[in-house]
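K.L.:
Quick one: the structure is below, questions incoming.
The values are calculated or read from the model by the stated rules, or taken from the named source; none is laboratory data. The structure displayed is predicted, hence computed values, not measured ones. When we count neighbours, we look across all protein chains shown, and the Cβ atoms used for this are built from the backbone with ideal geometry, even at glycine. Ligands, DNA and RNA are stripped out before the accessible areas are found, and what is left, the full protein with its side chains, is counted by its heavy atoms. Shrake-Rupley method; radii C 1.70, N 1.55, O 1.52, S 1.80 Å.
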Amino acid sequence: MARSAEPEPARLSRERIVDAAFRVLEREGWEALSMRRLGQELDVWPMAVYRHFQDKDELVDALVAYLVAEIDLPVGRCPWRSRIHKLLDVARGTLEPLPPELRARLAPVLLAPRMAALSDAGLRILESAGFRGDDAGTAWAALGAYTVGFVEIAPTAAQAQFEYGLERLIDGLELQRRPNTPEREGLQRASAR
């Protein structure tokens, strides 16, 4: 007599748990995310989730790593200012829809020099524009801080407001990278007063 073949449940894995965590976050928000809730979502005992993640902090780190790995970096050959704009638009678009708790964990990873593909791309753009070593790192840190700060303070603000502030910051960086131009000398005199 043949046994009735019941479909075997999908094997629990870190990837399945991360996917379930994103579904819970999307539907129910940050407050609902817990190991117990993930167990319900996956139809397993909560202890099964703990076999893959020690605690919620480790799970959140995995969510952040997943988001960083999934960022679709812009490509193309255009002036450095346009490339840095596109890149920071990607960062802003990645951060804005996230709950504040997850956004706070993602921002330092996403924008820290040499920590993620996005920051590496930003540093390469700045280096190709003539920024060297520490200057490129400092410029990237300023651009990242502006982007994160904008998302934190005004997440629903218009794109035009973000672009305006970003343009002014890039204008300042542009002057910084130009040695001994009349614009830079004027800025230096003004800042010395």
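K.L.:
Return the distance in nm (one decimal) between the two label points of a simple spin-label model at residue 176 and residue 134, each offset 7 Å from Cα along Cα→Cβ.
P.N.:
1.2
K.L.:
Could you check the simple spin-label distance between residue 22 and residue 56, using points 7 Å along Cα→Cβ, in nm with one decimal?
P.N.:
Computed distance between label sites residue 22 and residue 56 equals 2.1 nm.
K.L.:
What part of the accessible area of the range 31-172, given as a whole %, is carbon or sulfur when the probe is 1.4 angstrom?
P.N.:
56
K.L.:
Please compute the length gained on full extension between residue 86 and residue 15, using 0.36 nm multiplied by the number of residues separating them and subtracting their Cα-Cα distance.
P.N.:
Using 0.36 nm per residue and subtracting the Cα-Cα distance, I get 22.6 nm.
K.L.:
Per residue of the range 161-169, what does 6.51 cos²θ - 1.76 cosθ + 1.60 with θ = phi - 60° give for ³J(HN,Hα)? Whole Hz please, x for Gly and Pro, Karplus curve as stated.
P.N.:
Those phi angles translate into 5, 4, 4, 4, x, 5, 4, 5, 5 Hz.
K.L.:
Among 63, 95, 44, flag the residue with its Cα farthest along the positive direction of the charge dipole of the range 43-104, charges on Cβ as +1 for Lys/Arg and -1 for Asp/Glu.
P.N.:
95
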